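Heads up, the thing below is written out as structure tokens.
Computed from the coordinates by the stated procedures, all read-outs in this text should not be read as laboratory data. All figures in this text were calculated on a predicted structure; none of them were measured in a lab. We place every Cβ from the backbone using ideal geometry, glycine too, and count neighbours over all the protein chains shown.
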Amino acid sequence: MRVLLVGSGGREAALAWAVAKSPTLDRLFVAPGNPGTALFGENVSIAAEDIPGLVRWAKTQKIDLVIPGPEAPLALGLTDALTEAGVACFGPCRAAARLETSKQFTKEICAEAGIPTAQAVSFSSTAAAQDYLRSKKAPIVVKADGLAGGKGVVVATEMAEATAAIEAMLTSRIHGDAGASVLIEEYLSGQEISLFAICDGETAVFCGAAQDHKRVGEGDTGPNTGGMGAIAPHPLATASVIDAAMARIIHPALAAMVRRGMPFRGFLFAGLMLTETGPHLIEFNVRFGDPECETLLPLLRTDILPVLADAAAGKLDRNVTLSWHDGASATVILAAKGYPEHYPRNVPINLGSSETLPGVTVFHAGTRKDEDGLVSSGGRVLAVNAVGDSLKSAVERAYAAVDSIDFPDGFCRRDIGAKALLTRV
């Protein structure tokens, strides 16, 4: 099978690592890729948002399956264009990708399908939003309706913070068109779970659950980021929780999308809040999470490539289940100082002995190579993963690897997995 993987981050590096192990793979290409993906396939100089370029290249190279990593090309209609060109793609069409590109659309699906979620009201007027806000109490959540790179959600613990978020999104347009409308949403208390399913339009197969660490600072402080680390399996993702999430959230969502004439194929990422009354949907994403992907795939025993190919063809066996290794996995993101705001680029990186440590895999996220070697090129630079017999050993290995890397302008959270280890759940 000739495969084209689209994207250039840590998620794509992990997908390349997993796909490259498949006996069904003939050639793997990554567009545009990064120095890490080049270890597992051939990088191709086509931007992830260059839809015509990707389609032309896939047809010319007789690609059997395209696997989009990030959400942007899906929002731009990559799957639609590939389908029209006769190339299989494991990802939702542009209409179905609205599950991520419009939070208001997701709320409509939830209402139609009876999916438990937080109550929310949408606004495009600053004055109307602020007027509504005066009738509420903190904590409360303000969300940009569209794609904001994981940074469009403000969980306000004080009303002044919510007021400022509305001004920033609707008036100052800090997220551009993605913040042209916002949702003011009730605050759900509990622990968050990132749950994933592989979908073929009607059938969904559970693909793991992880605990993400979204905020930039230790103790879950500071602004939201694209993710500063993750652990798996999620300590609270029991069989009963997973069954409830699949039955009450994933399957009803797929059925609703079929009724609307836009069957969902691809990775469906359900961000859940485990409340006293069971899992509630926070939001959907239409791709594998990052850094959850780098955390879950090292635990996956099943060859993922044939499963993705079957799902893209709408032929996923509803009886198939994925097999997982025992033990635990932990990923620590090594980011550039200043992230998620302003940060330097082109800072030299020396991976040292990190890649030779037992159970450790270093996935490149924001890196590139110049004439002097490896340098940083983004906010989240490396995703350092480790697996172990226990969560404690996985976390210790991951931090040992981080400490062996020479990246002067890098930083990481030092409490990835700490809450789970402290509560021993």
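General observations
- Highest average packing first - 42-49, 76-83, Cβ atoms within 10 Å: 76-83, 42-49
- Using the Cβ-Cβ distance between Thr83 and Thr126 with R0 set to 41 Å, the FRET efficiency from 1/(1 + (r/R0)^6) comes to roughly 0.55.
- Note that region 81-88 has calculated 3J(HN,Hα) couplings of 5, 5, 4, 5, 8, x, 10, 5 Hz, one per residue in order, obtained from phi through the Karplus relation 6.51 cos²θ - 1.76 cosθ + 1.60 (θ = phi - 60°); glycine and proline are x.
- In terms of Cα atoms, the Rg and Dmax of region 119-186 work out to 10.3, 30 Å.
- Region 26-72 and region 240-310: distance between their alpha carbon centers, rounded to Å: 24 Å
- Computed log₁₀ I(q)/I(0) - Debye formula, equal Cα scatterers, no solvent, region 177-238, q 0.15 Å⁻¹: -0.70
- The chain - mean residue ellipticity at 222 nm from DSSP helices (-39,500 (n - 2.57) per run, n ≥ 4, rounded to 500): -7000 deg cm²/dmol
- Summary of packing: across the peptides 212-223, 173-184, the per-residue average of other C-beta atoms within 10 Å ranks them, highest first, as 173-184, 212-223.
- The Cα center of region 324-346 and the Cα center of region 149-192 differ in position by 24 Å.
- Gain on full extension, evaluated as 0.36 nm per residue between Glu371 and Ala160 minus their Cα-Cα distance, stands at 71.1 nm.
- Dipole orientation for region 189-425: of the candidates Val402, Pro348, Ala311, Ala311 has the Cα lying most toward the positive pole (charges on Cβ; Lys, Arg +1; Asp, Glu -1).
- With θ taken as phi - 60° and the Karplus curve 6.51 cos²θ - 1.76 cosθ + 1.60 applied, the whole-hertz 3J(HN,Hα) list for region 201-213 is x, 10, 9, 10, 10, 4, 10, x, 9, 10, 10, 8, 10 Hz, x standing for glycine and proline.
- Sorted largest first, extent of region 1-135 alpha carbons per principal axis (Å): 59, 31, 27
- Length-normalised contact order of region 14-128 in % [C-alpha pairs under 8 Å, at least 6 apart]: 15 percent
- Gyration tensor over the Cα atoms of region 64-201: the corresponding equivalent ellipsoid has semi-axes (square roots of 5 times the eigenvalues, largest first) of 32, 17, 12 Å.
- Over region 297-425, Cα pairs under 8 Å with separation of 6+ residues give a relative contact order of 30 percent.
- For the peptides 108-118, 288-298, the ranking by packing is 288-298, 108-118, with the highest mean count of neighbouring Cβ atoms within 10 Å listed first.
- Which of Ala13, Phe40, Trp57, positive extreme of dipole for region 2-89 (C-beta unit charges): Phe40
- Within straight-line reach of Lys143, meaning a Cα separation under 16 Å, sit the following lysines at least 8 residues removed in sequence or on another chain: Lys103, Lys107, Lys151, Lys214.
- Calculated diffusion of region 281-347, Stokes-Einstein form, Kirkwood radius summed over Cα pairs, 10 °C and 1.306 mPa s, µm²/s: 104 µm²/s
- Taking other C-beta atoms within 10 angstrom as a stand-in for reagent exposure, Leu422, Leu236, Leu274 fall in the order Leu422, Leu236, Leu274, fewest first.
- For Pro340, neighbours were defined as the other residues whose beta-carbon sits under 11 Å from its Cβ, and their charges (Lys and Arg +1, Asp and Glu -1) total +3.
- Where labels lie 7 Å past Cα in the beta-carbon direction, separation of Ile174 and Arg134 in nm: 2.4 nm
- Taking the chain and dividing mean pair separation by its residue count, relative contact order in percent (alpha carbons under 8 Å, at least six apart): 16 percent
- In this structure, Lys59 and Ser353 have a Cβ-Cβ separation that, at R0 = 41 Å, corresponds to a calculated FRET efficiency of about 0.40.
- Normalised per residue, the volume of the convex hull around the Cα set of region 189-425 (Å³): 141 Å³
- Annotation: the residues His234, His251, His364, sorted from fewest to most other C-beta atoms within 10 Å of their own C-beta, follow the order His251, His234, His364.
- The chain: proportion of alpha-carbon pairs further apart than 38 angstrom, %: 16 percent
- The residues Tyr187, Tyr399, when put in order of fewest to most other Cβ atoms within 10 Å, stand as Tyr187, Tyr399.
- Distance between the 7 Å Cα→Cβ label points at Ala38 and Phe105: 3.6 nm.
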